[in-house]
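Trainee: Structure provided below as structure tokens; questions to follow.
The values are calculated or read from the model by the stated rules, or taken from the named source; none is laboratory data. The model shown is predicted, which means the values in this text are computed figures rather than measured ones. Neighbour counts run over all protein chains shown; Cβ positions are idealised from the backbone, glycine included. Remember, those area values only see protein heavy atoms, side chains included, never the ligands or the DNA or RNA. Shrake-Rupley method; radii C 1.70, N 1.55, O 1.52, S 1.80 Å.
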Amino acid sequence: MNAINTWNKKILVIVPAFNEEKSISKVINNLFNSGHNIDLVVVDDGSYDNTSKIAEDYGVKVLKLPYNLGIGGAVQTGYLYAKVNNYDIAIQLDGDGQHDPAYLGDLIAPLLDGHADMVIGSRYVKKTGYNSKLSRRIGMVFFSGLVTLLTGNPIKDTTSGFRAVNRKILEYFADKYPSDYPEVDVLIRLHKKGFKVMEIPVEMNERQGGTSSITPFKSAYYMIKVSIVLLINSIRSGALS
């Protein structure tokens, strides 16, 4: 794993969090101890626990949303903050402890070298120790196939929230970001805009606290809803081109 050569770049780590009081302390400590020259902002997505207080006690900048907007709204808030404060690179890192800051250098190296506009930390581009439920694995294979079909880019881990983007994309995301189930949707949007997206292999941890909101029923609903939206948007784009 590489150390970050910042080349005088301003780098922001965006941590969206909703009721992550059991894990946010470890996430912040791991980022502080990563040895990287980065700034950190926690976007509290309407939590009703102590997530904000714990982060503030560490001296971290916290953006408190008045109510739960969902992951899309929380992440876009972070990108807007990055744009307004003139950051060159933004990194998404979940507040549940699954993403390891040790990979930050590897994640942004292709951005610094100009080889990519977005880099995704992937559980599936190479075999890793990450174990997921059957329903989630089915969804991963399905969305990977759908994204490959629509973009020609065989992204394996389409729903990974561990991502780094350059200034061009963070400006785009600050203005336009899907509010509902955004991870797959943005891959199609970036392809249409001509941005280059690539994956690097990472190991991910199990959730360090709290409970995932994703159930088998929600997984099925997610697959159907996102597929319909993506296909309709692709048909419209083709009709308008």
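Trainee: Being part of a helix (DSSP H, G or I) and open to solvent by 40 Å² or more (accessible area, probe 1.4 Å) is the filter here; which residues of the stretch 78-101 pass it?
Mentor: LEU80, TYR81, LYS83, VAL84
Trainee: Could you list, in sequence order, the residues of the stretch 147-166 that are crowded, with 20+ Cβ neighbours inside 10 Å, farther than 26 Å from LYS10 by Cα and in contact with a Leu (Cβ under 8 Å, 6 or more places away or on another chain)?
Mentor: VAL147, ILE155, THR158
Trainee: Somewhere in the stretch 46-68, is a residue closer than 29 Å to ILE232 by Cβ and under 17 Å from the mean Cα position of the chain (by Cα)?
Mentor: Scanning the stretch 46-68 turns up no residue that is closer than 29 Å to ILE232 by Cβ and under 17 Å from the mean Cα position of the chain (by Cα).
Trainee: Filter the stretch 115-142 for residues that are modelled with pLDDT of 95 or more and either more than 19 Å from the chain's Cα centre (by Cα) or assigned to a loop (DSSP other than H, G, I, E, B) (or both); which is nearest to GLU183 (Cα to Cα)?
Mentor: Among residues in the stretch 115-142 that are modelled with pLDDT of 95 or more and either more than 19 Å from the chain's Cα centre (by Cα) or assigned to a loop (DSSP other than H, G, I, E, B) (or both), the one nearest to GLU183 (Cα to Cα) is ASP117.
Trainee: If I ask for residues that are assigned to a helix (DSSP H, G or I) and either closer than 13 Å to VAL165 by Cβ or open to solvent by 10 Å² or more (accessible area, probe 1.4 Å) (or both), which ones from the stretch 105-114 would you list?
Mentor: ASP106, LEU107, ILE108, ALA109, PRO110, LEU111, LEU112
Trainee: Based on this model, can you work out whether ILE214 counts as at pLDDT below 85, among the aliphatic types (A, V, I, L, M) and not in a helix (DSSP H, G or I)? Can you show your working first?
Mentor: Numbers: at pLDDT below 85: yes; among the aliphatic types (A, V, I, L, M): yes; not in a helix (DSSP H, G or I): yes.
Criteria met by ILE214.
Trainee: Out of all the residues in the stretch 183-201, which are open to solvent by 50 Å² or more (accessible area, probe 1.4 Å) and in a helix (DSSP H, G or I)?
Mentor: Selection gives ARG189, HIS191, LYS192.
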